[in-house]
Amino acid sequence: MSDLVKSMDSAVETVSIICIVFISISILMLLYRVIIGPTNPDRAVALDTIGINLMALVGLIAILLETTRLNDVVLLIGILLFIGTIALAKFLEKGVIIDRDLD
Amino acid sequence: MIKENDLILRTTTTLIAFILFGFSIYLFLAGHSAPGGGFIGGLMTSAAILLMYMAYGLKAVSKILPINYQLLIPIGLTIALLTSIGSVFIGEPFLNQTFGYFDLPILGEKELATALLFDLGVYLTVVGVSLTIILTIANDQ
């Protein structure tokens with residue numbers, strides 16, 4: 001029984017390390033899109049996706065370290081990402097983020 | 001030019017701003033023994049207020065929240081200074097802190113630490129600084 005638990009532990013560790021590697025490659029490719037991206041909407045979508053990948057990365061590291069302390073961090077990245085995406089979208093659409101007077 | 005329609009943003013803001021305020025209070029109270037504290041709690045509060053500014057415009061939110069954010073900076077710094085100096089007067093080192101366990105009416109036995117009072121100063125300073133920066137840039141024509 002303890003043999004099974006041990007092999008499960010090592011399997012979880014291996015899988016999370018493989019996932020971390022692939023998510024890191026995905027973030028690097030998205031970084032290329034942010035820098036090169038022909039238009040600004042491309043950059044906005046790429047930045048949004050980088051944030052989602054960061055949330056996944058923090059979750060995987062929490063699994064790897066076997067801790068629950070990082071749960072708040074995932075929520076925090078999600079909220080800041082939400083605010084940032086709204087600000088970028090509004091800037092692209094209107095050219096102004098905080099309107100002076102919005103009837 | 002067609003008039004923009006941001007009904008979805010306005011409707012979700014009424015719900016999400018409250019969730020953000022609640023999460024900021026949770027982070028503020030969870031500090032000093034878990035992830036959280038004054039800095040990130042203040043950042044969350046300013047994110048919630050910024051979301052309201054983005055959805056409803058400068059004039060409407062200034063009417064709802066008539067707070068002078070520049071005034072929050074000296075208030076927060078004074079609280080932080082007084083709570084850190086307070087330990088000197090009772091013969092303890094500067095910035096020293098203590099904690100104890102108390103029976104609260106509804107919550108049961110909880111840990112209360114004096115570090116929370118110092119965090120309150122940090123919280124107010126962070127809210128004041130970040131919103132002053134953002135609103136100053138937004139007002140620039």
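The values are calculated or read from the model by the stated rules, or taken from the named source; none is laboratory data. Everything numeric in this text was worked out from a predicted model, so none of it was measured. Don't worry about glycine lacking a Cβ; one is built from the backbone with ideal geometry, like all the others, and counts go over all protein chains shown.
On the given criteria, is A:Ile23 without any contact (Cβ under 8 Å) to a residue 12 or more places away in the chain and not small (Gly, Ala, Ser)?
Details: without any contact (Cβ under 8 Å) to a residue 12 or more places away in the chain: no; not small (Gly, Ala, Ser): yes.
No: the conditions fail for A:Ile23.
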> For segment B:1-36, how many residues meet the condition of being farther than 19 Å from B:Leu131 by Cβ and either more than 18 Å from the chain's Cα centre (by Cα) or buried (at least 17 other Cβ atoms within 10 Å of the Cβ) (or both)?
Replying inline: 18
> Assuming A:Ala46 fulfils every condition listed in (1) small (Gly, Ala, Ser); (2) within 14 Å of another protein chain (Cβ to nearest Cβ); (3) surrounded by 13 or more Cβ atoms within 10 Å (Cβ to Cβ) apart from one, which condition is it?
Replying inline: (2)
> Out of all the residues in segment B:27-42, which are closer than 22 Å to B:Leu77 by Cα and either aromatic (Phe, Trp, Tyr) or more than 8 Å from every other protein chain (Cβ to nearest Cβ) (or both)?
Replying inline: B:Phe28, B:Leu29, B:Gly31, B:His32, B:Gly37, B:Gly38, B:Phe39, B:Gly41, B:Gly42
>> Quick test of your reading of the structure: A:Thr67 fulfils all but one of (1) surrounded by 10 or more Cβ atoms within 10 Å (Cβ to Cβ); (2) under 30 Å from B:Leu135 (Cα atoms). Name the failing condition by number.
In response: (2)
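To keep it simple, each residue is scored yes or no on (1) part of a helix (DSSP H, G or I); (2) in contact with a Phe, Trp or Tyr (Cβ under 7 Å, 6 or more places away or on another chain).
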{"residue": "B:Ser24", "(1), (2)": "yes, no"}
{"residue": "B:Leu27", "(1), (2)": "yes, no"}
{"residue": "B:Ser33", "(1), (2)": "no, no"}
{"residue": "B:Tyr53", "(1), (2)": "yes, no"}
{"residue": "B:Thr78", "(1), (2)": "yes, no"}
{"residue": "B:Ser87", "(1), (2)": "yes, yes"}
> closer than 24 Å to B:Phe28 by Cα, not in a helix (DSSP H, G or I) and not polar (S, T, N, Q), is that true of A:Arg100?
Replying inline: no
> Is it the case that segment B:61-74 has a residue that's modelled with pLDDT under 85 and either more than 14 Å from every other protein chain (Cβ to nearest Cβ) or not in a helix (DSSP H, G or I) (or both)?
Replying inline: no
>> I'd like to check something: does segment B:2-11 contain any residue that is farther than 30 Å from A:Asp101 by Cβ, touching a helix residue (DSSP H, G or I) at 6+ places or on another chain (Cβ under 8 Å) and either assigned to a helix (DSSP H, G or I) or within 12 Å of chain A (Cβ to nearest Cβ) (or both)?
In response: no
> Would you say A:Ser2 is surrounded by 10 or more Cβ atoms within 10 Å (Cβ to Cβ) and either farther than 17 Å from A:Ile52 by Cβ or polar (S, T, N, Q) (or both)?
Replying inline: no
> Here are B:Thr45, B:Thr78: which of them is of a type outside the set (A, V, I, L, M, F, W, C), at pLDDT 90 or above and surrounded by fewer than 16 Cβ atoms within 10 Å (Cβ to Cβ)?
Replying inline: B:Thr78
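Quick one: which helices (runs of 4 or more DSSP H) sit completely within segment A:1-97 and have at least 3 residues that are under 14 Å from the mean Cα position of the chain (by Cα), at pLDDT 90 or above and more than 23 Å from B:Phe23 (Cα to Cα)? First the steps, then the outcome.
Details: elements: A:2-36, A:40-65, A:71-94.
Counting at least 3 such residues, we get A:2-36, A:40-65.
Table: residues versus (1) farther than 30 Å from B:Thr13 by Cα; (2) surrounded by 13 or more Cβ atoms within 10 Å (Cβ to Cβ).
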{"residue": "B:Leu51", "(1), (2)": "no, yes"}
{"residue": "B:Tyr56", "(1), (2)": "no, yes"}
{"residue": "B:Lys63", "(1), (2)": "no, no"}
{"residue": "B:Pro66", "(1), (2)": "no, no"}
{"residue": "B:Ser84", "(1), (2)": "yes, yes"}
{"residue": "B:Glu92", "(1), (2)": "yes, no"}
{"residue": "B:Thr98", "(1), (2)": "yes, no"}
{"residue": "B:Glu111", "(1), (2)": "yes, no"}
{"residue": "B:Asp119", "(1), (2)": "no, yes"}
> For segment B:125-140, does any single residue satisfy the condition of being under 30 Å from B:Met52 (Cα atoms) and of a type in the set (Asp, Glu)?
Replying inline: yes
